[in-house]
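Trainee: Have a look at this one.
The values are calculated or read from the model by the stated rules, or taken from the named source; none is laboratory data. These numbers were taken from a predicted model, which means no experiment stands behind them. Positions of Cβ are backbone-derived with ideal geometry, glycine not excepted, and every protein chain shown enters the neighbour counts. Heads up: the accessible areas ignore ligands, DNA and RNA and are worked out on the full protein's heavy atoms, side chains in. Shrake-Rupley method; radii C 1.70, N 1.55, O 1.52, S 1.80 Å.
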Amino acid sequence: MCILSLMPHVIVSPCIGVKDQACTEVCPVECIYDGGDQFLIHPDECIDCGACVPACPVEAIYSLDETPEKWAAFITKNARFYR
Ligand code: SF4
């Protein structure tokens, strides 16, 4: 199975250097982890609730289908961190 098909939500570029943590506070399953330069969502643990999207002050979180093309590389970055 393609690992990208398992990505419900992803965190992209604006998180880098910010790491506000508002997302980690609202996530009901605590599946957002410190990935070094940014936070990253665990693809197997995320229940796709969407609560983290409006919580992010820099609009860095998107559902897979709505991730802007310019940040498509972050889909792979999120997935590979946990593989
Ligand atoms: Fe957590 Fe929901 Fe965001 Fe997934 S979509 S990371 S479960 S808050």
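Trainee: Considering the stretch 33-62 alone, what residues qualify as being within 8 Å of the ligand (Cβ to nearest atom) and over 16 Å from R83 (Cβ atoms)?
Mentor: Within the stretch 33-62, I47, D48, C49, G50, A51, C52, V53, A55, I61 meet the criteria.
Trainee: Next question. Taking the stretch 27-50 only, how many residues are crowded, with 16+ Cβ neighbours inside 10 Å and over 19 Å from W71 (Cα atoms)?
Mentor: 3
Trainee: When you look at C56, is it touching a residue at least 24 places away in the same chain (Cβ under 8 Å) and open to solvent by less than 40 Å² (accessible area, probe 1.4 Å), yes or no?
Mentor: In short, yes.
Trainee: Would you pick out the residues in the stretch 22-75 that are assigned to a helix (DSSP H, G or I) and over 11 Å from the mean Cα position of the chain (by Cα)?
Mentor: Residues satisfying the conditions are A22, E25, V26, P54, A55, D65, E66, E69, K70, W71, A73.
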